[in-house]
Amino acid sequence: MVATYVYKKTNDCEIKGDLYSVENDNAPLIIYIHGGGLVWGTKEDILKEQVALYNNAGYHVFSIDYRLAPEAKLPEIVADIEDALHWVKNQELFSFDRNRIGVIGGSAGAYLALTSGTLKVKPNAIVSFYGYGNILNDWYLEPSPHYSKTTMVPEMLAKQLIQPKQISSAPIEKRYAIYIFCRQQGKWLDYVTDTASGLNKDQLKEFCPIEKVDETYPPTLLLHGDSDEDVPYEESVQFAKVLQENHVPHQLITIKNGKHVFDNNMSHPQVKEAFENVLSFIKKYI
C-alpha cells in the first residue's frame, strides 16, 4: 500500500514523501533519499524491486522528495532532510517503531543520508550507495573527465532549465543538462551552494559529513563500484577510514568493476549478494 504525505511546507512548495507500508504497525522505518546531483530526482525514483525487498523483510519505506538546486541551496536541502527525520518521529498519520529508523540513499541521496548522521536527530543506521562525504574534493570542483567526453552543454541551456521558484521534484529529462554542465565546467559547488554570496570553503566544511564524524555517528554501510566514473570509489574508501578512526561500526562493500547506479541491475549476482548484506546490516543495527 502506498500513501503520500506532505512532511514540510515552504513559501514556494510542498515537500512530500511516499510511504510503502507493511501490515505490522510496529515495524521499523527506512527513509529513502533519491539521487540526482541534488539537481533532479523524485520520490518515485526508488526501484519497486527494492521497495519490495525492504517490505518483504518487514520494513516500512518512506521515499522522500527534498528541494532541488540551484533554486534551493545546500543549507535548505539539508534542512529538509533534518525536518523529514523530525517529522516522521513526531507525526500521527501512520504508525511505526519510532526508535528504529534507517536512512538509505544513492549518490547525492547517499550524501544526504551520510549527512543525516551529523544531525541532532540521527537515524539508527545509514546505508550509502555510491555516496560521498566531501563536497570539497577535486572531483566536484574541477571538470569531470567522464562528463567532458559527452556533448558539451552551454551555460545558456543550463540556465534556461532553472525555475523561477523553488521545486522539490523534477525528472532527469528536464534537469540532467544542468548537472552535465556543472560537471563539465567544475561548477557544481557554485550551483548548489551560496559561494556567490561569500560562503567560503571553511564554512562549507559544515556540509561535509566526513568532517563531522565522531563516536556518536550511526553504524554505516557503504557500497560502491570500483569503476564508478561519476562519484569516485575513493569517496567511500575515505569515509570508511574516518569511521574506523572514530570506532563507528561500519562495512565497505566493493562492487568489482561496478559502475555508478550499479544497483539498477537487481539480477546481477554481485548486486544480489550486496542486498543480502544490506538486509543483514539493517537487521543488526535498525
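Where in the range 1-63 are there strands (runs of 3 or more DSSP E), lying fully within it, with 1 or more residues that are without any contact (Cβ under 8 Å) to a residue 60 or more places away in the chain?
Per the criteria, 2-9, 14-20.
Could you tell me which residue of the range 191-213 is modelled with the highest pLDDT, considering only residues that are of a type in the set (A, V, I, L, M) and either part of a helix (DSSP H, G or I) or open to solvent by 50 Å² or more (accessible area, probe 1.4 Å) (or both)?
For the range 191-213, the residue satisfying everything is I210.
Checking the structure you have, find out if any residue of the range 38-48 is in contact with a helix residue (DSSP H, G or I) (Cβ under 6 Å, 6 or more places away or on another chain) and on the phi > 0 side of the Ramachandran plot.
Yes: one or more hits.
Return the only residue of N246, N264 being open to solvent by less than 60 Å² (accessible area, probe 1.4 Å) and among the polar types (S, T, N, Q).
Of the residues listed, the single one that is open to solvent by less than 60 Å² (accessible area, probe 1.4 Å) and among the polar types (S, T, N, Q) is N246.
In the range 228-269, what residues are assigned to a loop (DSSP other than H, G, I, E, B) and closer than 16 Å to Y132 by Cβ?
D228, E229, D230, V231, P232, Y233, G258, K259, H260, V261 - these are the residues of the range 228-269 that are assigned to a loop (DSSP other than H, G, I, E, B) and closer than 16 Å to Y132 by Cβ.
Could you count how many residues in the range 155-210 are touching a strand residue (DSSP E or B) at 6+ places or on another chain (Cβ under 6 Å) and over 18 Å from G36 (Cβ atoms)?
Selection size over the range 155-210: 0.
Are any residues in the range 88-103 open to solvent by less than 60 Å² (accessible area, probe 1.4 Å), part of a loop (DSSP other than H, G, I, E, B) and touching a strand residue (DSSP E or B) at 6+ places or on another chain (Cβ under 7 Å), and if so, which ones?
F94, F96
Name the single residue that is nearest to K174 (Cα to Cα) among those in the range 16-38 being more than 16 Å from the chain's Cα centre (by Cα) and crowded, with 22+ Cβ neighbours inside 10 Å.
L29
Take the conditions of a type outside the set (S, T, Y), more than 29 Å from S227 (Cβ to Cβ) and in contact with a Lys or Arg (Cβ under 9 Å, 6 or more places away or on another chain) and apply them to L161. Does it pass?
yes
For the range 39-55, indicate whether the set of residues that are buried (at least 17 other Cβ atoms within 10 Å of the Cβ), under 21 Å from E235 (Cα atoms) and either out of contact with any strand residue (DSSP E or B) (no Cβ under 7 Å at 6 or more places or on another chain) or of a type in the set (S, T, Y) (or both) is non-empty.
yes
Report yes if some residue within the range 1-14 is open to solvent by less than 10 Å² (accessible area, probe 1.4 Å) and touching a Leu at 6+ places or on another chain (Cβ under 8 Å); otherwise report no.
Scanning the range 1-14, I find no residue that is open to solvent by less than 10 Å² (accessible area, probe 1.4 Å) and touching a Leu at 6+ places or on another chain (Cβ under 8 Å), so the answer is no.
Please determine, by comparing only the residues of the range 155-182 that are in a helix (DSSP H, G or I) and in contact (Cβ under 8 Å) with a residue 60 or more places away in the chain, which one is nearest to K43 (Cα to Cα).
Within the range 155-182, the match that is nearest to K43 (Cα to Cα) is I172.
Write out, first by first residue and then by second, each pair whose Cβ atoms fall under 9 Å of each other, whose residues are 6+ apart or on separate chains, and whose first residue, in the range 65-87, is within 14 Å of G37 (Cβ to Cβ) and part of a helix (DSSP H, G or I) while the second is of a type in the set (S, T, Y) and modelled with pLDDT under 95.
These pairs meet every condition: L74/T193.
The values are calculated or read from the model by the stated rules, or taken from the named source; none is laboratory data. In this text, all values refer to a predicted model and were calculated from it rather than measured experimentally. Note that we place each Cβ from the backbone using ideal geometry, even for glycine, and neighbour counts take in every protein chain shown. In case anyone asks, the SASA skips ligands and DNA or RNA and just uses the protein heavy atoms, side chains included. Shrake-Rupley method; radii C 1.70, N 1.55, O 1.52, S 1.80 Å.
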